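A short write-up of the structure that comes next.
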Amino acid sequence: MRWPVWCSAFATIALSTSGAAQVRVDTLSILPEIRSAAWIARSLPIVNRVFVGNLHVVLVRQTDDGTLLPLSPDDLTAMRLSPERVFAIAIANAKRRLTPFSIEMPAASPEMSGMRAVEGQSIETSRLLFDDEWRGVARQLGGPIVAVAPITGSLIFGRDSLTAISRHKSVPAAQYLEIAAGVLMPYGKRDDILSAVVLRWTDAGWTAVPPMTADERRALNDRPQDTSVPDQTSVSTPAPVAPTDMTMPPPRAKKPSVKAKKP
C-alpha cells in the first residue's frame, strides 16, 4: 500500500520516550531500515515487522545531527497513527531521499559482472521495500530477480536466470549470491551484518530462496569443468565457489554509513 505524499508532511508530532520529556519529530524524519533478526533480539522494544526470511523492517527517526534512533512502541502510540500508515510514510520518505533506481547501477565487482550493486548510507537497503521500482527493474531485465543484502547499506541483485562462471564451473545466480554474501558478511560491523538469505522477486513480491544443501555445496566443488562459452549475460571472471573459500577480496567501496543524509 502506498500512502500519499502529504501524509508525511503534516505538522510535527510529540513522541513520548520512556522516562524522558516528549520529543517533537517531523514525520519527514521517519525512515525505514532493514535489520537482521539477531539485531532485533539484541535491541530494546522497537517498532518493527518481519520482512522476508530473517530480515526485519525497523522504523527510525533522524535527529538534527543525522543520527538514526529507533522508534519505540510508546512513540508509535503517541503519534496516534496506525503502524501501517507510519510504515508507508517512512517508505515514501526513503524514496524521496535515495537516488532513483536504475539497472545501470555499477557492477557488484569484477568477479560479479552480471550483478548490480547498491552501497551507501544505511537506508540504501530499504530499496527492497520499493515494490513499484522492482516491478520496473524486472521488466527491464526480462524476468524474476534475485537479491541479497549481506551488510546494512548494501544490496546485490540481478536476473534470476543468470549463470555465473566461477573457476570454469556454472553456478546458478541464487547460489552464487548466497556464497558471495557469506564471504562479505564478516567484513561488516556486528550491528551492520544482515543476512546471506537470497531473496527472489516475482510479480507476487519477495520470497526467500531455500539455502543450499550440503550436497549442493559439494556439487559446486565436484562439478566437472564447463568448457562451453557463457552467454553475454553470464559472469565471466573467477569467483569463490564455497563459503570456506575466502578468495574474494574485501569490498573496495567505502563501508556503509550508519547515518542517513540530512534532508
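The values are calculated or read from the model by the stated rules, or taken from the named source; none is laboratory data. Remember, it's a predicted structure, so these values are computed and weren't measured experimentally. We place every Cβ from the backbone using ideal geometry, glycine too, and count neighbours over all the protein chains shown. The area values use the complete protein model at the heavy-atom level, side chains included, leaving out ligands, DNA and RNA. Shrake-Rupley method; radii C 1.70, N 1.55, O 1.52, S 1.80 Å.
The table for this structure:
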{"quantity": "Residue 42 among the basic types (Lys, Arg) and either at pLDDT 65 or above or touching an Asp or Glu at 6+ places or on another chain (Cβ under 6 Å) (or both)", "calculated": "yes"}
{"quantity": "Qualifying residues in the stretch 195-212 (those that are farther than 16 Å from residue 143 by Cα and open to solvent by 70 Å² or more (accessible area, probe 1.4 Å)) - the one modelled with the highest pLDDT", "calculated": "210"}
{"quantity": "Residue 149 open to solvent by less than 10 Å² (accessible area, probe 1.4 Å) and in contact (Cβ under 8 Å) with a residue 12 or more places away in the chain", "calculated": "yes"}
{"quantity": "Residues that are of a type in the set (Val, Ile, Thr) and open to solvent by 60 Å² or more (accessible area, probe 1.4 Å), drawn from the stretch 47-60", "calculated": "50"}
{"quantity": "Residue list for the stretch 24-39, filter: more than 26 Å from residue 189 (Cβ to Cβ) and either open to solvent by 50 Å² or more (accessible area, probe 1.4 Å) or at pLDDT 75 or above (or both)", "calculated": "24, 26, 27, 28"}
{"quantity": "Neighbours by Cβ (under 7 Å, 6+ apart or cross-chain): first from the stretch 119-138, farther than 13 Å from residue 57 by Cα; second of a type in the set (A, V, I, L, M)", "calculated": "119/253; 121/260; 134/145; 137/103; 137/145; 138/145"}
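Yes or no, residue by residue, for (1) in contact with a Phe, Trp or Tyr (Cβ under 9 Å, 6 or more places away or on another chain); (2) open to solvent by 30 Å² or more (accessible area, probe 1.4 Å); (3) free of Cβ contacts under 8 Å to residues at least 40 places away in the same chain:
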| site | (1), (2), (3) |
| --- | --- |
| 62 | no, no, no |
| 74 | no, yes, no |
| 77 | no, yes, no |
| 82 | no, yes, yes |
| 91 | yes, no, no |
| 97 | no, yes, no |
| 100 | no, yes, yes |
